[in-house]
């Protein structure tokens, strides 16, 4: 626990190659997901917890970034069927016909939480709402953070917090009331409970293993997946830092994560990112059969260049790194 507090720790800057901030993105890129063709989708303008910090001028949006044309500006997607977005985690699903669906966690001012399923239309650069799974109809949805789609209308999700206690008590009292939920296309259920701030979630390329960043315990949990959606804990990978979102390389199976190595720093950043910086970190974790082979720190910064790293996606020796509230960074990897 002490190393993550950042007490007496010095954070050095290093990068895998030339990196730059992407122009036009100033309200964060909290989560990023990419297609095999190099088209990445990211959420921006998040307010979480709702009402915590968000200037009135900031609006929730979804953008695309094309790894094949990195000098082009990100494109904002038009949202059809939903008049308000406060996007958080997201996950992509492509069916056998080649249709692309984006599932997005959405937070509402009245406390409602939902997962929204959109059909992506490349010609009109838009997202069309097809399904909503809401906390108003599903009691096992509490305070959502991230999700991973595993079928046409099936997904796992993380409840970062319980709604039974105030956020500050759970976080600083280290009360493990977070959970992992599963939606089978009709109903939700909790498949793992008593977690301390479960955050990013993803799946191995062969769909056998589920990965969850157990932020409060500075570890990544690995679960075996059963046919009915149930989970069996296989492994706890201690990483010594607070992993946020997880991305899985579809070819190598490596897990990429944006992480927070300084707890005091990220707490201050979350209160007001215009005044406080937080050390940033990107890790690559090589996996084999649900076990860690090795781990590499790909990028690190003391917060001067980029603060509050939350996500990292790798594609053809290029990397996109998102933050919670502020910037988006693009790197060419040597």
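Helix-derived [θ] at 222 nm for the chain: sum -39500 (n - 2.57) over DSSP H runs of at least 4, divide by residue count, nearest 500?
Computed mean residue ellipticity for the chain: -1500 deg cm²/dmol.
So what is the relative contact order of the chain, in percent, for Cα pairs below 8 Å that sit 6 or more residues apart?
Dividing the mean separation by the residue count of the chain yields 18 percent.
Which whole-number percent is the relative contact order of the range 250-300 (Cα, under 8 Å, 6+ apart)?
Dividing the mean separation by the residue count of the range 250-300 yields 35 percent.
Looking at the chain as a GNM with Cα springs under 10 Å, which of 95, 125, 153 has the largest mean-square fluctuation?
95
First check a/c for the range 107-152, with a ≥ b ≥ c the square roots of the eigenvalues of its C-alpha gyration tensor; if it is under 1.5, answer rounded, and if not, answer prolate when a/b is larger than b/c or oblate otherwise.
Since a/c reaches 1.5 and a/b is larger than b/c, the shape of the range 107-152 is classed as prolate.
Which of 321, 100, 313 moves the most in a Gaussian network model of the chain with Cα springs under 10 Å?
Of the options given, 100 has the highest mean-square fluctuation.
At a 10 Å Cβ-Cβ cut-off, how would you order 12, 330, 182, fewest neighbours first?
Ordered by Cβ neighbours within 10 Å, fewest first: 12, 330, 182.
Between rounded, prolate and oblate, where does the chain land on the alpha carbon gyration tensor, with a ≥ b ≥ c its root eigenvalues, rounded for a/c under 1.5, else prolate if a/b exceeds b/c?
Here the chain falls in the rounded category.
Would you work out the relative contact order for the range 107-231, in percent, from Cα pairs under 8 angstrom that are 6 or more residues apart?
About 16 percent, as a whole number.
None of the figures in this text is laboratory data; all of them are computed from the coordinates on show. Computed from a predicted structure; not experimentally measured. Cβ coordinates were reconstructed from backbone atoms using ideal geometry, including for glycine residues, and neighbour counts include every protein chain displayed.
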